[in-house]
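Have a look at the structure below before the remarks.
The values are calculated or read from the model by the stated rules, or taken from the named source; none is laboratory data. Since we're looking at a predicted model, the values are computed, not measured. Cβ placement follows ideal geometry from the backbone for every residue including glycine, while neighbour counts extend to all protein chains displayed.
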Amino acid sequence: MPRVLAITNQKGGVGKTTTSINLAASLVTVGRRVLLVDLDPQGNATMGSGIDKRGLKVTVYQVLLGEAPISAVRVRSQSGGFDVIPANRELAGAEIEMVDLPERETRLKTALDEIRDQYDFVLIDCPPALNLLTVNGLCAANAVMIPMQCEYYALEGLSDLVQTIKKVRVNLNPGLEIEGLLRTMYDPRNMLAQQVSDQLQQHFGDKVYRTVIPRNIRLAEAPSHGLPVLNFDRQSKGALAYLALAGEMLGKST
């Protein structure tokens, strides 16, 4: 059975897309077949995978509206070695257009049934909001990865997200679980970051990944080249951290 992970946090700028791209590339490096689904209208995961979102005829938007099969939308990331269901600005309209559609919360899950078994991992990059697109991601997934910065407001937002996950579990996807909390953009010299990190470990225990993603300039630079950081600077701290995260995930699942 493939592992389907929704990578989500309603707070923007916490490293969701960076994690989606670089975890996908890292899992490919260790021999896994990976599909990355871009559910964010900004299309950053699409661009960061080396795919020009502006030239796309069909995207995840057409998939959600039932206008195209997901297999017809799939694009290969040449730089990352994984497949992508791409997104662009068109997706912003899906929120309104899906309201009156039947089974609006599970349209991505139903679409994925066509190709899910061709992969070991499906990673879903959710938008920075608790909206219908994110709910589609949560309904399609069997687990949630929550990237978060170790700062004061992050803890407040985390409780909202956990409540949303519980509601989805009760009403729509009883098998949904929290895979783990990933500390991103971590600076060990920052006392507050250390304190928040300690609190996370106290509250969530082994749900907090041991791997920590550091603040790293190479991670920030790689998307502008349409490359995962592994292909941009393989020896950078960011690349090594995502390889370690892939290893930790595979260790958990064995």
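Flag: Ile217 matches the condition of being aliphatic (A, V, I, L, M), loosely packed, with under 15 Cβ neighbours inside 10 Å and out of contact with any Asp or Glu (no Cβ under 6 Å at 6 or more places or on another chain). Within the stretch 84-98, the set of residues being within 13 Å of Gly50 (Cα to Cα) and over 14 Å from the mean Cα position of the chain (by Cα) is empty.
Within the stretch 97-119, being surrounded by 15 or more Cβ atoms within 10 Å (Cβ to Cβ) and part of a loop (DSSP other than H, G, I, E, B) holds for Met98, Ile115, Tyr119. Restricting attention to the stretch 6-18 and to residues that are surrounded by 24 or more Cβ atoms within 10 Å (Cβ to Cβ) and of a type outside the set (Gly, Ala, Ser), the residue that is farthest from Ala143 (Cα to Cα) turns out to be Thr18. Within the stretch 80-96, the residues that satisfy the criterion of being surrounded by 23 or more Cβ atoms within 10 Å (Cβ to Cβ) and of a type in the set (Val, Ile, Thr) are Val84, Ile85. Kindly provide the set of residues from the stretch 244-254 that are part of a helix (DSSP H, G or I) and either surrounded by fewer than 21 Cβ atoms within 10 Å (Cβ to Cβ) or modelled with pLDDT under 95 (or both), ordered by number. Once the filter is applied, which keeps residues that are part of a helix (DSSP H, G or I) and either surrounded by fewer than 21 Cβ atoms within 10 Å (Cβ to Cβ) or modelled with pLDDT under 95 (or both), the stretch 244-254 yields Ala244, Gly247, Glu248, Met249, Leu250, Gly251, Lys252, Ser253. Kindly provide the set of residues from the stretch 30-70 that are under 17 Å from Lys109 (Cβ atoms) and either hydroxyl-bearing (Ser, Thr, Tyr) or buried (at least 19 other Cβ atoms within 10 Å of the Cβ) (or both), ordered by number. Of everything in the stretch 30-70, those that are under 17 Å from Lys109 (Cβ atoms) and either hydroxyl-bearing (Ser, Thr, Tyr) or buried (at least 19 other Cβ atoms within 10 Å of the Cβ) (or both) turn out to be Leu35, Leu36, Val37, Asp38, Leu39, Val60, Tyr61, Gln62, Val63, Leu64, Ile70.
Residues that are in contact (Cβ under 8 Å) with a residue 60 or more places away in the chain and not polar (S, T, N, Q) occur in the stretch 88-105; there is at least one. The residue list Val58, Val37, Val63, Val14 contains one member that is of a type in the set (A, V, I, L, M, F, W, C) and either in a strand (DSSP E or B) or free of Cβ contacts under 8 Å to residues at least 12 places away in the same chain (or both), which is Val37. Quick check on the stretch 221-240. Is at least one of its residues closer than 18 Å to Met145 by Cβ, part of a helix (DSSP H, G or I) and either among the β-branched types (Val, Ile, Thr) or at pLDDT 90 or above (or both)? Yes, the stretch 221-240 has at least one match. Asn173 meets the conditions (1) modelled with pLDDT of 95 or more; (2) within 23 Å of Asn22 (Cβ to Cβ) in every case but one. The failed one is (2).
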